[in-house]
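To start, the structure itself, in structure tokens.
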Amino acid sequence: MTAAEALELRAEQIDERLLIMGALTPAAMADAIAADADFVVWRSDQVDAASRHAAGSGSTARLHVKLDTG
């Protein structure tokens, strides 16, 4: 699923939790937050960007953190 698809589902009144597994551009990250979708991050700069986008929109970002433990 992409952030654009998450926005489309929300426009169709789909209220279930949505998870975006792929990489997101900054603009797509903002769309994912607007769609109230969970998404995956794996670098600290992605966490920081998600936090900035969420704070700027008055929303909360729900993140799934991928960790490489070796």
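Residue 32 satisfies every condition listed in (1) surrounded by 18 or more Cβ atoms within 10 Å (Cβ to Cβ); (2) out of contact with any Phe, Trp or Tyr (no Cβ under 7 Å at 6 or more places or on another chain); (3) small (Gly, Ala, Ser) except (2).
Scanning the stretch 1-18 for residues being open to solvent by less than 90 Å² (accessible area, probe 1.4 Å) and of a type in the set (S, T, N, Q) gives a total of 1. The single condition among (1) in contact (Cβ under 8 Å) with a residue 12 or more places away in the chain; (2) open to solvent by 50 Å² or more (accessible area, probe 1.4 Å); (3) of a type in the set (Asp, Glu) that residue 38 does not satisfy is (2).
Would you please name the residue that is most open to solvent (accessible area, probe 1.4 Å), looking only at residues in the stretch 54-68 that are closer than 16 Å to residue 21 by Cα, assigned to a loop (DSSP other than H, G, I, E, B) and touching an Asp or Glu at 6+ places or on another chain (Cβ under 9 Å)? Restricting to residues being closer than 16 Å to residue 21 by Cα, assigned to a loop (DSSP other than H, G, I, E, B) and touching an Asp or Glu at 6+ places or on another chain (Cβ under 9 Å), the top hit is 62.
For the stretch 1-14, the set of residues classified as modelled with pLDDT of 95 or more and in a loop (DSSP other than H, G, I, E, B) consists of 2, 12, 13, 14, listed by residue number.
The values are calculated or read from the model by the stated rules, or taken from the named source; none is laboratory data. None of the values given here were measured: they were computed from a predicted structure. All Cβ positions, even for glycine, are placed from backbone atoms using ideal geometry, and neighbour counts span all protein chains on display. Ligands, DNA and RNA are stripped out before the accessible areas are found, and what is left, the full protein with its side chains, is counted by its heavy atoms. Shrake-Rupley method; radii C 1.70, N 1.55, O 1.52, S 1.80 Å.
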